[in-house]
1. Averaged over its residues, how many other protein chain Cβ atoms are within 10 Å of peptide B:173-180's Cβ atoms?
2. Just grab the label-to-label distance for A:VAL54 and A:THR99, each label 7 Å out from Cα along the Cβ direction, in nm (one decimal).
3. With axes computed from alpha carbons, what is the tilt in degrees of helix C:54-63 against the longest principal axis of chain C, rounded to the nearest 10 within 0 to 90?
4. Give a quick list of chymotrypsin sites (Phe, Trp or Tyr not before Pro) in region A:59-157 that DSSP marks as loop, anything other than H, G, I, E or B, with at most 15 other Cβ atoms within 10 Å.
5. Suppose we keep just the alpha-carbon trace of region A:133-190; what are its Rg and Dmax in angstrom?
6. So if R0 is 45 Å, what FRET efficiency would B:ASP191 and B:ALA29 give, r being the distance between their Cβ atoms, rounded to the nearest 0.05?
7. Which three lengths, in whole Å and largest first, does region C:101-232 cover when its Cα atoms are put on their principal axes?
8. For a quick size check, give me the Cα extents of chain B along its three principal axes, largest first, whole Å.
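Please treat every number below as a calculation from the coordinates, not as lab data. This structure is a prediction, so every number in the text was calculated from the model and none was measured. Here the Cβ is made from the backbone with ideal geometry for all residues, glycine too, and neighbour counts use every protein chain on show.
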Amino acid sequence: MAGAAASPAGIRAPRPSGAVDDLPPPVRRSFGHRIRARLPGLAGGMLVAFVMLVLFGPVLMLALFSFNDSSIISLPWEGFTTKWYEEAWANGQARDAVTNSLIVATIVMVLSVVLGTMAAWGLTRLRFRGRGLIAGLNGSVLVVPWLIIGVAGLIFFSQIQVQLSLETIALMHLVVTFPLVVAIVSAGLVRFQRSLEEAAIDLGATQVQMLRYVVLPQIGPSIAAASIFAFAWSFNNFEISFFTGGFEQTFPVWVFSILRQSENLPVVNAVSTVIAAAQIVAVFAGWALMKRLSRSGEDENLTGLLTGGTR
Amino acid sequence: MEAAAIPVRRSSRAKRLVQPLAFMATPTALLIAFFLAPMLVMLGVAFDRGLLDGGVGFNFTLTNFTDVISDPLNRKVALTTFEIATTAMLVQLIVAVPLAYVIAFKAGRWQVPILLFLVLADELNPMVRIYAWRMLLGREGLINEGLMSIGIINHPIDALLFSQFAVTVVLSTSYLTYTVIPIYGAMKAIDGNVFEAARDLGAGWWTTTRRVLLPLIAPGIFISLLLVYIPLFTDFASPALVGGTSGYMLGNVVNDYVLEAGDLNRGAAMSIIMLGLSALFALVAYRLARINRLES
Amino acid sequence: MKGMIAALAVTAGLAVAGCGGGGGSSSVVPPPKDPDAPATGTLRFFAYGDTIVDPMLDPFRKENPDLNLKTASFDSNKAAAAKLAGGFEADVVEVCTDEMKPLTARGLLRPLDEKAVPEFGDLAFSERPEVRDANGDVLFVPASAGPQGLIVNTDEIDPATIDSYADLFDSRYAGNVALEATPLTAIGAAALAMGMDDPMNLSDEQVEEAKNYLLDHRDQFRAFAESDASMVNLFKSGEVVIADGGRGTAQAMIDDGVPVEWIAPKEGALSWVCGLAITSQAQNTDAAYKLINYYASPQAQAISGDMGFVAMNPKALPMVSPAFKKTADPRNLQNAIPQTEPENSDTYDRAWQEVQAG
């Protein structure tokens with residue numbers, strides 16, 4: 001509390017609170033300004049740098065060492081090589097695992113976006129009995145841990161005597177992923193006025209025309225974001241694939257098993273680096289697409305989406 | 001589905017019936033068939049005497065639950081899991097609150113890139129991340145080698161890998177995105193005036209943080225808890241890969257029941273208990289988030 | 001749509017009520033009509049992660065170009081049984097004498113016709129009692145065997161100073177030791193280190209003692225290796241300097257340039273025998289016989305011998321490279337303690353689980 005006494009109160013004249021509504025930006029800035037006196041901007045920058053280092057440092061290291069000419073992942077640097085990439089390419093299991101994951105994630109993404117958008121539209125724009133219940137069901141999928149969904153899936157399929165395969169994996173991925181699309185697209189739909197849609201209908205547009213020409217452009221960014229998330233949720237999903245998978249492995253399951261069961265670690269390095277690079281490209285491409293799709297071309301959409309999606 | 005193609009007038013009776021069905025039937029059926037039904041089947045299996053006793057048909061019993069709960073081993077593991085999950089959650093909150101604050105109020109034009117990188121961090125494959133940490137933290141990993149080569153330590157620090165520390169680090173970094181973004185969302189919704197007002201009333205930064213900022217971002221924190229704290233309890237890949245002899249968590253117990261011992265009944269009971277507890281937690285967090293949002 | 005939902009609900013309800021075990025046959029698998037024809041279709045091979053290696057499988061793939069060989073791995077027969085009982089189907093499954101009970105108890109194996117495996121009678125350990133079921137039918141065809149002892153990093157430890165399981169518990173190596181995460185060998189190693197002499201037949205009390213011994217020395221251990229390969233990684237990355245393990249595992253490390261030596265402890269090495277079995281859900285039984293016959297062949301056993309394992313087919317011995325002639329000889333295992341599944345294996349499992357949980 002000693003800080004309170006020392007605070008340089010009165011550097012700026014207090015702003016009459018009524019005027020603030022007209023001038024929000026200066027208020028923001030003044031707030032930042034105030035804090036800068038307490039928490040040096042450097043500290044904020046360092047915090048961001050630290051977090052980025054912790055989040056990406058290990059993966060960058062992994063990428064670097066995928067070019068190291070040593071079967072052990074540690075110093076010293078033994079020289080540059082691309083042989084792990086060649087081995088990875090020649091490794092049938094690795095190729096199959098990546099291909100399987102790509103196929104599953106693509107199918108899951110497309111179906112999730114279609115089903116999720118449909119459900120989001122229904123939940124935000126239509127009135128019907130049981131709406132709350134269905135919304136609750138969608139929401140509850142998002143908070144049930146994947147481990148438990150995976151176990152339930154395994155038990156379910158064994159009880160109805162369905163053989164585990166890529167299909168069962170994809171089915172379970174779809175069920176946990178499209179509610180995420182519902183959440184993101186609903187958030188997008190809620191933010192737009194219905195007046196445009198009503199105007200379109202009043203002007204004689206059919207429901208389909210209205211969806212195509214009025215709604216889709218508005219929620220395009222949401223759908224783009226949802227696609228990225230849906231793809232990643234399926235591609236990265238370990239727990240559900242681990243429990244509901246058969247002979248065909250997905251990429252995360254392959255890495256998990258190889259970390260415990262094989263000596264081909266540099267190959268994992270190489271494959272992982274390629275995957276990580278592809279994911280980086282995908283996210284940035286998706287972001288660019290979102291910017292193009294959004295009318296204003298403003299980044300505000302991203303922040304709006306992220307915060308909207310999590311609410 | 002074909003209903004969508006029929007031009008319908010607003011307020012027509014047919015529309016009110018057919019349209020919701022057209023939009024909601026498939027998604028809802030899917031959720032019922034492959035989310036609700038598996039959960040119900042699992043519930044049934046949890047209360048069934050089971051295959052191991054050679055029982056045919058459904059024989060109601062509570063023994064799966066009493067066995068799982070009364071097993072001292074499970075209680076011990078539950079405690080370890082609670083410790084690890086809570087530590088990881090606290091670490092993330094300690095990082096996330098200031099980070100969200102910096103992004104929301106101080107990052108300026110860096111705001112979007114930082115957010116994008118956070119999203120990217122989440123998109124990176126979790127297995128790849130775990131694997132990367134493993135090679136960093138190992139006895140001959142880069143951190144130990146680096147510290148030794150500049151002479152800070154003489155012997156590698158063993159506790160970096162195959163320890164609760166390693167599990168905590170990996171878990172914290174795996175979920176950080178989902179901790180930061182809801183809190184960031186709550187920060188964005190704050191009207192800068194309130195800080196102004198607090199300052200004008202003579203509040204210092206600590207008082208402002210505690211009395212103004214934290215209450216306002218509380219809904220965001222509760223959502224973070226909802227999205228992150230629950231999955232932390234069920235993670236089992238991280239402890240299996242970097243925990244060594246000290247990372248045996250509840251997720252591993254479920255895995256052992258289901259995939260090692262093939263005891264679906266107890267595995268189901270264990271899952272149901274965890275599901276029940278997380279539902280309870282979710283309900284509390286959700287209520288708190290709502291109450292706070294309404295009050296603010 | 002409503003009808004579909006109702007149908008699904010009914011299905012789910014029936015599933016709960018039904019709880020029936022997986023279907024499958026328990027009669028002897030009929031031999032293929034044309035044993036010489038290359039296999040076709042899909043063959044699903046479910047084995048220990050260490051068995052599924054390309055040097056071993058590539059010749060088989062070449063001989064049967066039209067066969068789609070799918071592989072999946074497990075850490076223990078118990079885990080394999082859990083998966084097979086839970087809707088995961090395979091045609092051929094690898095079994096080991098010391099832990100195959102979960103598979104037989106659940107009726108997951110189907111006896112095979114020994115006449116369809118011409119080399120069967122010549123194979124080492126084919127006379128072991130575990131090979132046959134109660135009716136005298138053959139359950140599996142022995143495919144690999146080897147001794148289990150100690151592995152030491154010769155850069156860190158003078159191998160001449162190591163001769164006992166007790167060395168695993170030596171405080172000099174505290175924090176640098178690994179154990180194989182297998183209940184039988186882990187409890188067995190502790191029992192032998194404590195001076196008990198029949199590690200495969202410990203009483204419940206003795207298992208308890210061995211468990212407490214392991215728990216008291218828990219800080220001794222860096223990690224518990226889920227598989228041979230994960231053991232290799234632990235040595236390779238310098239995480240451990242001494243561990244219990246098979247000679248084949250040590251050989252894999254030597255091949256990889258890791259400075260280790262395999263040592264038979266004075267208490268006696270343990271010996272394991274594993275083989276291939278056909279599952280009760282097997283669909284492509286012709287291809288299954290093909291794979292089993294391939295594993296029994298001198299050619300395949302010579303490859304296995306060069307990997308540090310025992311060559312099960314005597315005709316393979318001359319083909320094994322000179323460096324492995326001695327270790328590939330089945331007579332080498334004569335003085336070892338055979339790993340057999342204890343009557344009270346549940347007690348072993350439970351004790352090991354408690355050690356893992358700490």
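1. Mean partner-chain Cβ count within 10 Å for B:173-180: 2.
2. 4.0 nm
3. Here the helix axis deviates by roughly 30 degrees.
4. The qualifying sites are A:TRP77, A:PHE128.
5. 13.2, 42
6. Given R0 = 45 Å and the Cβ-Cβ separation, E is 0.55.
7. Computed over region C:101-232, the largest-to-smallest principal extents equal 54, 36, 25 Å.
8. Cα spread of chain B along its principal axes, largest to smallest: 66, 63, 37 Å.
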